[in-house]
2 protein chains.
Amino acid sequence: MRREVTLRDVAELAGVSSRTVSNVVNGYANVTERTRVRVERAVKELGYRPNVLARNLAQGRSGQIALVVPYLDTPYFSELLQSVIRAAKVSGYNVLIDQTDGDPEHERGFIAHGSRRLLFDGVIFSPLGLDQQALADRDPALPLVILGERTSDGTFDHVGIDDVAASRQATEHLLDLGRNRVAAIGDQPYATGEAAQRRTRGFREAHQARGLPVREDLIIGTPRFNRPDGAHAMAHLLELEEPPDAVFCYSDLVALGAIRAIVSRGLRVPEDIAVIGYDDIEDGRFSNPTVTTISPDKEMIAATAVERLLLRISSATPPPGLELRAPHKLIVRESTVGRSARPPSA
Amino acid sequence: MRREVTLRDVAELAGVSSRTVSNVVNGYANVTERTRVRVERAVKELGYRPNVLARNLAQGRSGQIALVVPYLDTPYFSELLQSVIRAAKVSGYNVLIDQTDGDPEHERGFIAHGSRRLLFDGVIFSPLGLDQQALADRDPALPLVILGERTSDGTFDHVGIDDVAASRQATEHLLDLGRNRVAAIGDQPYATGEAAQRRTRGFREAHQARGLPVREDLIIGTPRFNRPDGAHAMAHLLELEEPPDAVFCYSDLVALGAIRAIVSRGLRVPEDIAVIGYDDIEDGRFSNPTVTTISPDKEMIAATAVERLLLRISSATPPPGLELRAPHKLIVRESTVGRSARPPSA
DNA sequence: TTGAAAGCGCTAACAA
DNA sequence: TTGTTAGCGCTTTCAA
């Protein structure tokens, strides 16, 4: 590999100091038009490219942020990832991806003071199995934004939608349809299942608000929010003596799995069982039937997360930890109201 | 931010030179048991963490590889991404993601000698609109592995499945079913549509091998391989005087879109129209009906790509450019044979 | 086996 | 406005 052209080479050719070249390259300070032109010519002539690695070391920053999610093959996260990359790029940041498989140990390592620490200037984190303790133990110098609702201790921001309200709205939609044996798939009644628990709370609130009893046996837990778990849970529900006539699924994937289980037994959605999901992934817009869902504003979530993170990175004194709430809406499709729902474009 | 503990601090405390500390930290060379223990104790006592940025500069490498794909919200790519990250991590590499939106200009920039060049030691690239010219103009020093079939000029590797054979196999499956008006959705008869064209070639070969005519009006082009395009193309086919009785879709997403279009018009899959896809994404295993597809061995594609790239990175003299072919198989599901196909686990 | 010291290429404090 | 120069923290050649 031939030696790279350095700042000094440029400086020499242009007859200025490397300091000046640096200024020109970075658009800093006041540089005479004359010198600037001269430097720029030298840059072009030599084909000079700044060495990012050297700049990183000198500045003590990497120009990268990390996005840490539990699973990457989950459409919700890949859609989000896309928006995050787009938002970061606008500010010249690169995005480093990692997936934790929801492993708490792995998640912990990511925000602890590890050797990879300097690879990124901050982290946008969507934790699954991370408890408050791990959060408290984290590297306090690492700028952090957490996705999903979570009580902030004031040292990081979090951004997400109002899960309880959204879940309540979803459940109410099913009740409005006149269904009276509404099930819920996705509860996670253990320490790290906060997000799931908020959805269950919304589910209960919807019932309570109407003076309806919650059928506890219709609340089914799942380890993950994916299709197989949804199908499995639904299969269980269908074997009950009195199966549900509607199901609130804690993700669209769970809903798609559930629908699959229902249909493969010869039952119909929504005639026999209405199904509603959560996340509004593209799959649900083209599935058969299309899936009614809670749609979080992903673009805004991503943009807000990146914006807050970059602010946190560039601030000398850390800004207060905010709890930011993105909007969501209910999108009614076939899985709850049948063909009367407007079909998609095609 | 308090000053970081450096190598020198450790050396001082341990009473050795920084060279020795470096050796210990990296597990290099021969170090006396005694010195090693002493250094390790000092490391622990001071809570020393190597500074990746400094190491990068000193070594002239970043320990990162880039994965460049056209779209990230496409399940095929997110599934692949997952495997690539996993494979890279084994060798201590991080993965930087970028999406090009299929924009040739953007794609070009990625392999040209840009200023971001040093951010990654090599690139795994899944181009969409990249022509041979752009490939030839690229930074010759950048280790490169291309995904998908493509003629290598010997300076990079590519890894993919045998598209022609796979497409032929898919088409034959439809013909075996006794269908005789088989359509194809996804052709891209322009310069950058190589992958699509290979699928069309397989489609033709299957017909030719049986002495059947290809109905040219049943070959439909689509700008992208996604659901909306699939639905749109299918809508067009359904309006023909003599619509097809089977469709070979160039991706599972296209197939899902097509199925959606068929079903929403009250027709049945596969009774009225059989549909086969390509990619074997999870969606197709839980859709209704489930989607018959060509399944490339993604895990192997990812592992092979990473392996070749790392080899290329670490080689003093560049290894020859290989054309590597991963295995694929036909997976028969409901969209071609109906419920007789074994339903998925649930 | 270990030490001394010269880079890696850039940034930025200080000086002019 | 521009030059000088001392780092950034590590790796690694050369010497001992």
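Taken together, the values in this text are just the output of simple stated rules run on the coordinates, not laboratory data. Since this is a predicted model, take the numbers as computed values, not measurements. In this analysis, Cβ positions are derived from the backbone assuming ideal geometry, glycine residues included, and neighbour counts consider all displayed protein chains.
Taking amide H atoms as placed 1.01 Å from N in the peptide plane, the amide H of residue B:246 lies under 5 Å from those of B:181, B:183, B:274, each 5 or more residues away in sequence or on another chain. Sequence-ordered 3J(HN,Hα) estimates for the range A:130-138 from the Karplus curve with 6.51, -1.76 and 1.60 and θ = phi - 60° stand at 9, 8, 4, 4, 4, 5, 5, 7, 6 Hz, glycine and proline given as x. In order along the range B:307-322, the phi-based Karplus estimate (6.51 cos²θ - 1.76 cosθ + 1.60, θ = phi - 60°) of 3J(HN,Hα) comes to 4, 5, 5, 5, 4, 4, 5, 8, 7, 5, 9, x, x, x, x, 9 Hz; Gly and Pro are listed as x. For chain A, the relative contact order comes to 16 percent (Cα pairs under 8 Å, sequence separation of at least 6). For the range A:98-192, taking Cα atoms only, Rg and Dmax work out to 17.1, 56 Å respectively.
Between residue B:89 and residue A:45, how high is the FRET efficiency from 1/(1 + (r/R0)^6) when r is the Cβ-Cβ distance and R₀ = 45 Å? Nearest 0.05. After rounding to 0.05, the efficiency reads 0.60.
Note down the net charge around residue B:13, summing +1 for each Lys or Arg and -1 for each Asp or Glu among other residues with Cβ under 10 Å from its Cβ. Charge balance near residue B:13 sits at 0. Within the same chain, aspartates and glutamates fewer than 8 places from residue A:44 are excluded, and of the rest, those with a Cα less than 19 Å from its Cα are A:4, A:9, A:12, A:33, B:137, B:139.
Using a 10 Å cut-off on Cβ atoms, rank the peptides A:255-264, A:162-171 from the highest mean neighbour count down.
Values: A:255-264: 27.4, A:162-171: 21.6.
Highest mean packing first, the order is A:255-264, A:162-171.
Each Lys and Arg contributes +1 and each Asp and Glu -1, all at the Cβ; summed about the Cα centre of the protein assembly as shown, the dipole is approximately 2200 debye.
For the range A:187-346, what D do you get in µm² per second when you plug the Kirkwood radius from alpha-carbon pairs into Stokes-Einstein at 37 °C and 0.692 mPa s? Calculated translational D: 190 µm²/s. Of all beta bridges that DSSP places with both ends in the protein assembly as shown, some 15 percent have antiparallel geometry. Its convex hull of Cα atoms gives the range A:233-290 a direction-averaged projected area, equal to a quarter of the hull surface, of 3.5 nm².
On average over all directions, what projected area in square nanometres does the range A:7-50 have, based on the convex hull of its Cα atoms?
On the way: hull surface 10.0 nm².
Projected area, direction-averaged: 2.5 nm².
With its label point put 7 Å out from Cα toward Cβ, residue B:45 sits 5.6 nm from the same residue's point in the other copies, in order from shortest. Computed about the Cα centre, the dipole magnitude for the range B:7-50 is approximately 60 debye when only Lys and Arg (+1) and Asp and Glu (-1) carry charge, each at its Cβ.
What angle do you read, to the nearest 10 degrees and between 0 and 90, between the alpha-carbon axis of helix B:252-264 and the longest principal axis of chain B? Approximately 40 degrees, to the nearest ten. Here's the picture: charge each Lys and Arg Cβ at +1 and each Asp and Glu Cβ at -1 in the protein assembly as shown, and of A:81, B:246, A:52 the one pushed furthest to the positive end of that dipole is A:52. Computed over chain B with a Gaussian network model linking Cα atoms closer than 10 Å, the most mobile of B:235, B:136, B:206 is B:136. Over the protein assembly as shown, all Cα pairs binned in 20 Å intervals from 0 give whole-percent P(r) values of 16, 45, 31, 8, 0, listed from short to long. Normalised by 2.2 N^0.38 Å, where N is the number of residues, the alpha-carbon radius of gyration of chain B equals 1.26. Extending 7 Å from the Cα toward the beta-carbon at both residue A:201 and residue B:58 defines two label points whose distance is 5.0 nm. The alpha-carbon of residue A:329 sits under 21 angstrom from the alpha-carbons of these lysines, leaving out residues fewer than 8 places away in its chain: A:298. Computing FRET efficiency as 1/(1 + (r/R0)^6) for residue B:30 and residue B:323, where r is the C-beta to C-beta distance and R0 is 45 Å, gives about 0.60. Highest GNM mean-square fluctuation among A:268, A:210, A:333, for chain A modelled with Cα contacts below 10 Å: A:210.
Each other copy places its own label point for residue B:92 at 3.1 nm from this one, sorted shortest first, where the point lies 7 Å along the Cα-to-beta carbon line.
Among B:295, B:83, B:315, the largest mean-square fluctuation in a Gaussian network model of chain B (Cα springs under 10 Å) belongs to B:315.
What share of the DSSP beta bridges in the range A:242-346 is antiparallel, in percent to the nearest 5?
Numbers: 4 of 8 bridges.
Within the range A:242-346, antiparallel bridges account for around 50 percent of the total.
Considering only alpha-carbon pairs that sit under 8 angstrom and 6 or more positions apart, the relative contact order computed for the range A:190-319 is 17 percent.
For chain B, the longest principal axis of the Cα atoms and the long axis of helix B:227-238 meet at an angle of about 10 degrees.
The phi torsions of the range A:282-299, fed into the Karplus equation with coefficients 6.51, -1.76 and 1.60 and a -60° offset, translate into couplings of 4, 3, x, 8, 10, 6, 10, x, 5, 9, 5, 7, 8, 10, x, 7, 5, 4 Hz, rounded to whole numbers, with Gly and Pro shown as x.
By counting other Cβ atoms within 10 Å of each Cβ, how are B:158, B:236 ranked from fewest to most?
Fewest to most other Cβ atoms nearby, the residues stand as B:236, B:158.
Antiparallel beta bridges, as assigned by DSSP with both residues in chain B, represent about 10 percent of the total such bridges.
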